[in-house]
Ligand SMILES: [Zn+2]
C-alpha cells in the first residue's frame, strides 16, 4: 500500500549505568512519522546526545513538528519533551489522560533518579504533556490511532497504530532483541500484558517498533517483536514457580533466550519477582 507518510526510527545506544546501580539501560526508540508538511514524534529519548539526534532528524525531514506523543510515564520515553518544545515552539506534547496523571505524580521522583543515574548527560524535564482529546492524531490528513493497552511494562500505556503504513509504535508493550523489564508488574499483570501483545497482533501490522530494541534488529520481523515478547512473558511466568531462586530463574531464562541484550533487565525482573514470592510466603 502506498502511503504519503514515512517512518524513521531512531534507536539510542545501550547505556552503562553507574557502578552503584550496576548493569545497563536498554537502547530506546523514538519514532518520527512524517508527511509532506507535518511530522509527529512518538517518544522522546532522555539523554542530551540522543535528544539532539532526534532534533536533527526532525529538522532534516523538512516537515513541521506538530505533536509529540508519549506512550507511557517512564522518563526514558518522555524526558525530552521540554527540550523539544523549546526547539519546536509550535508543537504540543500529548499523552493519554491517565498517562498525563501518572507523569504528574512521578516526574519529581524520576528527575531525582535520572540525575543520579546519568548526571548532566540526561536532559531535565519539568513539563507535563497535555491530555489527548479523543484517540486520533493527524499528519497531513492521515490518521494515527492511539490505542490504550491495558498493561505493558507499566500501566497505563498506549500504542500508536498507523493504518496507512500498517505500523504499530508499541512503546514498552513490545521488546525486540532485548530482555524486557518485568519488574514494574507482577503475576497479576503479566497475563494482561500478553493480552496487550495480542491486541497488537490483531491489528495485523507489517511494522512493529519496540520501545526498546537491539539497534541491529529489524522492525518488520514479527517473530522478533510480537512472538518474542509473548514467548518471553509466557516463559518467565512458567519458569518463576519452577525456579529455586532468582539466580536459577535468570539462568533458565538465559538458556531459553541466550542472545538477548541487557541481561541486567532480566536480573532486575527476576530479583523483584522472587522478592514478591518470598513476601507472599512469609
Ligand atoms: Zn522504556
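FYI, it's all coordinate maths here, none of it is from the lab. Owing to the predicted nature of the structure, the values given are computational and were not obtained by experimental measurement. Don't worry about glycine lacking a Cβ; one is built from the backbone with ideal geometry, like all the others, and counts go over all protein chains shown.
Using only Cα atoms, tell me the angle between helix 228-242 and the longest principal axis of the chain; keep it within 0 to 90° and round to the nearest 10. Compared with the principal axis, the helix lies near 20 degrees.
Fewest-first ordering of 24, 193, 138 by other beta carbons within 10 Å of each residue's beta carbon gives 138, 24, 193.
When the alpha-carbon atoms of the chain are used, the pair Rg, Dmax equals 18.2, 60 angstrom.
Between helix 263-281 and the chain there is an angle of about 50 degrees, using the helix long axis and the longest principal axis of the Cα atoms. To the nearest 10 degrees, how steeply does helix 246-256 sit against the main Cα axis of the chain, on a 0 to 90 scale? Roughly 60 degrees between the two axes.
Taking the centroid of alpha carbons for each part, region 215-236 and region 25-67 are 24 Å apart.
Summarising the strand pairing of the chain, around 65 percent of its internal DSSP beta bridges are antiparallel.
Relative contact order of region 109-222, please, whole-number percent, based on alpha carbon pairs below 8 angstrom and at least 6 residues apart. Over region 109-222, the number comes to 21 percent.
Where both partners of a DSSP beta bridge lie in region 1-85, what percent of those bridges are antiparallel, to the nearest 5?
Numbers: 12 of 17 bridges.
About 70 percent, rounded to the nearest 5.
Nearest 500 deg cm²/dmol is fine: what mean residue ellipticity at 222 nm does the chain get from its DSSP H runs of n ≥ 4 alone, each adding -39,500 (n - 2.57), divided by its residue count? Spell out each step's value before the answer.
Working: 8 runs with 105 residues, N = 282.
Result for the chain: -12000 deg cm²/dmol, rounded to the nearest 500.
For region 130-149, list residues with backbone N below 19 Å from a point placed 7 Å from the Cα of residue 101 toward its Cβ? Within reach of a label on residue 101, which here means backbone N under 19 Å from a point 7 Å along Cα→Cβ, region 130-149 contributes 130-135, 147-149. Each of 213, 145, 260 was scored by other Cβ atoms within 10 Å of its Cβ. Listed from fewest to most, they are 145, 260, 213.
Does region 157-221 come out rounded, prolate or oblate by the C-alpha gyration tensor, with a ≥ b ≥ c the root eigenvalues, rounded set by a/c under 1.5 and, if not, prolate when a/b is larger than b/c and oblate if not? Note, shape of region 157-221 comes out oblate.
Panel order for 16, 44, by other beta carbons found within 10 Å of each beta carbon, from fewest to most: 16, 44.
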